[in-house]
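The values are calculated or read from the model by the stated rules, or taken from the named source; none is laboratory data. Since this is a predicted model, take the numbers as computed values, not measurements. Note that we place each Cβ from the backbone using ideal geometry, even for glycine, and neighbour counts take in every protein chain shown.
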Amino acid sequence: MPLDTAQTTDHSPQDLLREVFGFDTYRPGQEAVIGALLAGRSAAAIFPTGSGKSLCYQLPALLLPGLTVVVSPLLALMKDQIDVLRQRGVAAERLDSTLGEDDYRAVTAAVRSDHLKLLFVAPERLSNERFLNLIRRCRISLLAVDEAHCISAWGHNFRPDYLKLARAAKELRVERVLALTATATPQVAEDMADAFGIAREDVINTGFHRPNLELRVTACTDAERPARLLERLRARPPGPTIVYVSLQRHAEEVAAHLASAGIEARPYHAGMAAADREATQEAFMSGQVRIICATIAFGMGIDKADIRYIYHYHLPKGYESYMQETGRAGRDGKPSVCELFACADDRVTLENFVYGDTPDPDSLGGLVAELLESGPEIDIAVTDLSRRHDMRPLVVNTLLTRLELLGILRAEGPYYADIRFAPKLAGAEILAQFPEKQSAFLRTLFTCCKKASKWVTVDMEAAMTRTGQERGVILRALESLQAKNLAELQLAGYRLRYRRLETVPDVPALTARLADTFAEHERREIARIDDMLAYAASDTCLTARLLRYFGETIGSCGHCGICLGDPPADPGHARRIAPPRAIPPELAALAREHPAALGRPRQQARFLCGLNSPAVSAVRGLRGHRLFGTLAHTPFADVLSACADRHAPN
């Protein structure tokens, strides 16, 4: 029977390891990480996928006096861990956008009452005004940051929200931080340690070698892949299998091909309805479905120990992705096979995604000018900037973060422009639920509201003036109405406030500097693709080559394809599709009709290569136009050059 985890601070770590988590001994690295945290120090855990990173914060959370906040971008991971923790008697919850009003109110009440031991949130929650108001009153003994490699610009999955986590940890007076990742090169590990103030001796890296994984590479053409996959599935003993593909349509196509050959398989990708994705995942986890054909949307946070096969139907985008995805096989320690079907034609698709995210000079210059020439106080909505300048929100956020790092902007904090509530009782009845002082405050606040049939909208500026209080105090008062089930609170219009720290800088020079940063990012991502092709063609131990990238050195592993006698694979050279001699003439008319989406060469190149953008999405039906994606198999640089030539003056 589990311990009463509300009263565990007097127990030893070994007691909890055995009685709550059911283990007699630690896995490699766990004891060192947990020891550092319990001694009051921050730490980093660089462990292979499936090697027990979660215990490194779950166990200390039961011994530390305050709240442990776990930051993870993986909703599936949150749900799975919370279910298991609750079964063990641990008070754990999550706050995310899927929660309804009643669940949200219950979780926030648990936070306020200090009942929770673990709270799981997404990274962007640490920039959420409502959440920060809630959490500031808590003692946060531990902040655990999953996928912490995202904080490094050198990493393969840099996310601006992660850079803000280090600052948030200081502002919230977090007592210690745990950074967790399964993929970190020495440079990325150093960035993580620097960002969170982790001493080098508390960066615990257990190594990446998985002796039970048999890495193989098979060269094939695109046309040969379907038959090759069928051959492998029929020749090898059956077992849970993930087939990774590049695009959503590939997941559907490969699953359909296998089904037509009598092999049950299901697709999984982000374009599916949430209910369908969840049903597919549950069927795979329970063993009802043996084979999943998936984009990389599947697998992160999936705790299934007996996956026997990972097939990379298409080339991964880099060593980091490959390490993560193959690491989902054989977590039970039993032999598992990870096979890559190497085809040089995949290079174009991967490169096009890289090039497609780079903003064109006009978009970049326009956005920088708008931000910096509008005055010292800047109030923005990222979604508006994204549509107006045709950049993905992630790219806009990256740009804003770069400007912060350069000391040009300072974030003043996010806020909601539209705050309203739906009372469940008459005003007098609501006021009667509070002591006299709070009741008087709410009465003044209610005079700053505009009532409609259901919703009451708060004029925040008037409320701050009349009550003499800041936004946070007013928001907490409104939160108390929801906490007491007296009203339903709704916040919308998420906006960011910045202050310009310099006088208006040289915008063209700054734009050029930022353009160089994006160009450098392009070069790194293209180099990752080159590395994967070199790995595929390797004539030396595949395991050793992969590990060397992550700073680990071994001799020949003895269990990869090369060590077992396979000849080196030859992915060949990508089919050289001749650069387009002319852009389809219909594009000119389409661009005149939709200049905001297709007026510039890079926008047109993205469109012809099948790469969506905010401006294209904003025009109904444009993504379904027959020209969209017509040059998807042509290198982006060639298409961009042809589009630029068409724009050049005669």
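Just a few scattered comments:
- Of all residues in region 495-517, exactly one satisfies the criterion of being assigned to a loop (DSSP other than H, G, I, E, B) and buried (at least 16 other Cβ atoms within 10 Å of the Cβ), namely PRO505.
- Residues of region 91-109 satisfying the condition of being assigned to a helix (DSSP H, G or I) and either surrounded by 19 or more Cβ atoms within 10 Å (Cβ to Cβ) or touching a strand residue (DSSP E or B) at 6+ places or on another chain (Cβ under 6 Å) (or both): GLU101, VAL107, THR108
- Scanning region 604-618 for residues that are surrounded by 24 or more Cβ atoms within 10 Å (Cβ to Cβ) and in a helix (DSSP H, G or I) returns GLN604, ALA605, ARG606, PHE607, LEU608, ALA615.
- Residue list for region 32-74, restricted to those being in a helix (DSSP H, G or I) and in contact with a strand residue (DSSP E or B) (Cβ under 8 Å, 6 or more places away or on another chain): ALA32, VAL33, ALA36, LEU37, CYS56, TYR57, GLN58, PRO60, ALA61
- In region 462-494, residue farthest from ILE135 (Cα to Cα) [restricted to those that are part of a helix (DSSP H, G or I), within 35 Å of the chain's Cα centre (by Cα) and charged (D, E, K, R)]: ARG471
- Candidates GLU370, GLU325, GLU351, GLU264, filtered to the one that is free of Cβ contacts under 8 Å to residues at least 24 places away in the same chain, surrounded by fewer than 23 Cβ atoms within 10 Å (Cβ to Cβ) and acidic (Asp, Glu): GLU370
- Region 53-104, subset of a type in the set (Gly, Ala, Ser) and within 20 Å of the chain's Cα centre (by Cα), residue modelled with the lowest pLDDT: ALA76
- Any chance ARG236 is at pLDDT 95 or above and either surrounded by fewer than 17 Cβ atoms within 10 Å (Cβ to Cβ) or out of contact with any Leu (no Cβ under 8 Å at 6 or more places or on another chain) (or both): yes
- Filter result for ASP531 (over 18 Å from ASN397 (Cα atoms), acidic (Asp, Glu) and in a loop (DSSP other than H, G, I, E, B)): no
- Residue list for region 18-43, restricted to those being touching a Ser or Thr at 6+ places or on another chain (Cβ under 8 Å) and among the hydrophobic types (A, V, I, L, M, F, W, C): VAL20, ALA36
- Answer from THR206, THR218, THR183, THR241 - the residue that is surrounded by 17 or more Cβ atoms within 10 Å (Cβ to Cβ), under 30 Å from THR68 (Cβ atoms), touching a residue at least 24 places away in the same chain (Cβ under 8 Å) and more than 23 Å from the chain's Cα centre (by Cα): THR206
- Residues satisfying the stated conditions in region 216-250, i.e. under 16 Å from ARG328 (Cβ atoms) and either of a type in the set (Gly, Ala, Ser) or not assigned by TED's automatic domain parsing to the domain that holds ARG328 (or both): GLY239
- Out of LEU163, LEU180, sole residue that is more than 18 Å from GLU522 (Cα to Cα), touching an Asp or Glu at 6+ places or on another chain (Cβ under 7 Å) and not acidic (Asp, Glu): LEU180
- Candidates LEU489, LEU510, LEU533 - the one that is assigned by TED's automatic domain parsing to the domain that holds GLN433 and either modelled with pLDDT of 90 or more or more than 18 Å from PHE208 (Cβ to Cβ) (or both): LEU489
- Filter pass, ASP418 being assigned to a strand (DSSP E or B) and closer than 26 Å to VAL107 by Cα: yes
- Under the condition of being of a type in the set (Val, Ile, Thr) and modelled with pLDDT under 95, the residues counted in region 188-217 number 2.
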